[in-house]
Amino acid sequence: MVAVAERAIEGQGTPEIDWLPWLAQQAMVEVDAERLVPPGHRAVVVAPHPDDEVLAVGGLLAQLGALQRPMLIVAATDGTASHPASILWPPHRLATERPLESRRAWQTLGLDIDRSTEVRRLGFDDGGLMRQRGPLARQVAALLRPRDVLFTTWRHDGHPDHEATGQACAAAAACTGARLIEVPVWAWHWAVPGDTRLPWGRALRLGLDAEAARAKREAVNAFTSQLESDPSTGAGPILRGTTVQRAQRPFEVFFP
Ligand SMILES: [Zn+2]
């Protein structure tokens with residue numbers, strides 16, 4: 001995977017045994033789903049790849065689903081570049097399977113797909129969002145309303161597609177009046193506790209109730225293509241054990 005050099009995504013990443021004690025010491029502002037997306041507002045989640053929406057805000061989505069808030073999930077790409085040179089997972093299979101994996105995950109989160117939760121697939125090239133930021137920003141802006149709360153990957157998340165999506169959503173939010181909340185996904189992998197490259201001072205913490213935490217944990221299991229090794233290339237799982245463990249946290253952290 002190509003990543004931004006100073007935020008390189010390598011190896012297993014920082015484990016939860018390092019993150020959790022440190023995070024427990026941080027005095028982050030606590031938020032709840034009700035205040036984050038108040039009545040009369042809609043949550044819009046823009047995911048660079050199918051699975052990012054669950055890794056980033058799966059617990060929040062479960063809570064908003066229980067509150068019956070209107071939601072829009074936007075898939076920037078279909079995630080077809082996750083298995084380069086694979087015979088088992090060629091791009092055409094990924095293009096079919098990964099969006100289905102997301103749909104199964106959303107059902108596990110309790111979302112009412114195609115009713116209170118709308119879905120848009122934008123079909124941008126996986127791995128190519130940095131050069132397509134302008135068109136991505138325009139397409140997201142066309143979907144936004146002024147009272148939306150827009151969630152997406154943090155603009156310094158490390159994966160170029162995640163950074164491009166964060167930048168595009170910032171531009172789209174600025175020209176529509178939507179509120180932008182960025183969410184670290186790969187940053188948990190390359191950063192370390194106390195890392196000054198992350199904006200801890202403005203971080204929000206959303207506690208997950210037992211039901212939302214359970215739903216998120218189970219939803220991650222839907223991403224079969226990302227959880228299994230690939231014998232045709234010898235590559236290990238895209239979502240490493242550290243990533244899966246992180247999805248079991250009873251909280252989520254956001255950068256507003
Ligand atoms: Zn991603």
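Just so it is clear, none of the values below were taken in a lab; they were calculated from the coordinates. The structure presented is a predicted model; accordingly, all values stated were derived computationally and were not measured. Ideal geometry is used to build each Cβ from the backbone, glycine not excepted, and the neighbour counts take in all protein chains shown.
Among complete DSSP H helices in the chain, those whose alpha-carbon atoms stretch at least 18 Å along the helix's long axis and whose mean Kyte-Doolittle hydropathy reaches -1.0 are 52-66, 160-176.
Per residue, the chain reaches -11500 deg cm²/dmol at 222 nm when only DSSP H runs of four or more residues are counted, each adding -39500 (n - 2.57).
Loop sites by DSSP among the GluC sites (Glu not before Pro) of the chain, restricted to those with at most 16 other Cβ atoms within 10 angstrom, leave 11-227 as the longest stretch without any of them. Take every Cα pair under 8 Å whose residues are at least 6 apart in sequence, average their separation, divide by the length of the range 1-143, and the relative contact order is 23 percent. Find which of Pro193, Ala210, Ala222 sits farthest along the positive direction of the dipole of the range 180-256, computed with +1 on the beta-carbon of Lys and Arg, -1 on that of Asp and Glu, about the Cα centre. So the residue we want is Pro193. Say the dipole of the chain comes from +1 at the beta carbon of Lys and Arg and -1 at that of Asp and Glu; which of Leu144, Gln12, Leu67 then lies farthest toward its positive end? So the residue we want is Leu144. About its Cα centre, the range 26-133 has a charge dipole of approximately 240 debye under the convention of +1 per Lys or Arg Cβ and -1 per Asp or Glu Cβ, with nothing else charged. Using C-alpha pairs under 8 Å with a sequence gap of at least 6, the mean separation divided by the residue count of the chain gives a relative contact order of 29 percent.
On full extension, the segment bounded by Arg121 and Thr233 gains 37.5 nm, given 0.36 nm per residue less the C-alpha separation.
For the chain, modelled as a GNM whose springs connect Cα atoms under 10 angstrom apart, the maximal fluctuation among Pro135, Pro38, Pro21 occurs at Pro21. Comparing mean-square fluctuations of Ala27, Ala172, Ala105 from a GNM of the chain with C-alpha springs under 10 Å, the top value falls on Ala27.
Only Lys, Arg, Asp and Glu carry charge here, each on its Cβ (+1 for the first two, -1 for the last two); on that basis the range 5-254 has a dipole of about 640 debye about its Cα centre. Taking trypsin sites (Lys or Arg not before Pro) as exposed when their DSSP state is a loop state and no more than 14 other Cβ atoms lie within 10 Å, the longest site-free interval of the chain runs over 1-114.
Dipole check for the range 104-196: with +1 at the C-beta of Lys and Arg, -1 at the C-beta of Asp and Glu, and the Cα centre as origin, the magnitude is about 360 Debye. Each residue in Asp114, Asp148, Asp52, Asp195 was given a count of other beta-carbon atoms within 10 angstrom of its own, and listing them fewest first yields Asp114, Asp195, Asp148, Asp52. Among Trp154, Trp190, Trp22, the largest mean-square fluctuation in a Gaussian network model of the chain (Cα springs under 10 Å) belongs to Trp22.
Which of Thr117, Trp154, Leu94 sits farthest toward the positive end of the charge dipole of the chain, with +1 on the Cβ of Lys and Arg and -1 on the Cβ of Asp and Glu? Value: Thr117. With neighbour counts taken as other beta-carbon atoms within 10 Å, the residues Thr153, Thr96 rank, fewest first, as Thr96, Thr153.
Sort out for me the Cα centre separation of the range 41-70 from the range 157-231, rounded to whole Å. Each part reduced to its Cα centre gives a spacing of 11 Å. In terms of Cα atoms, the Rg and Dmax of the chain work out to 16.8, 49 Å.
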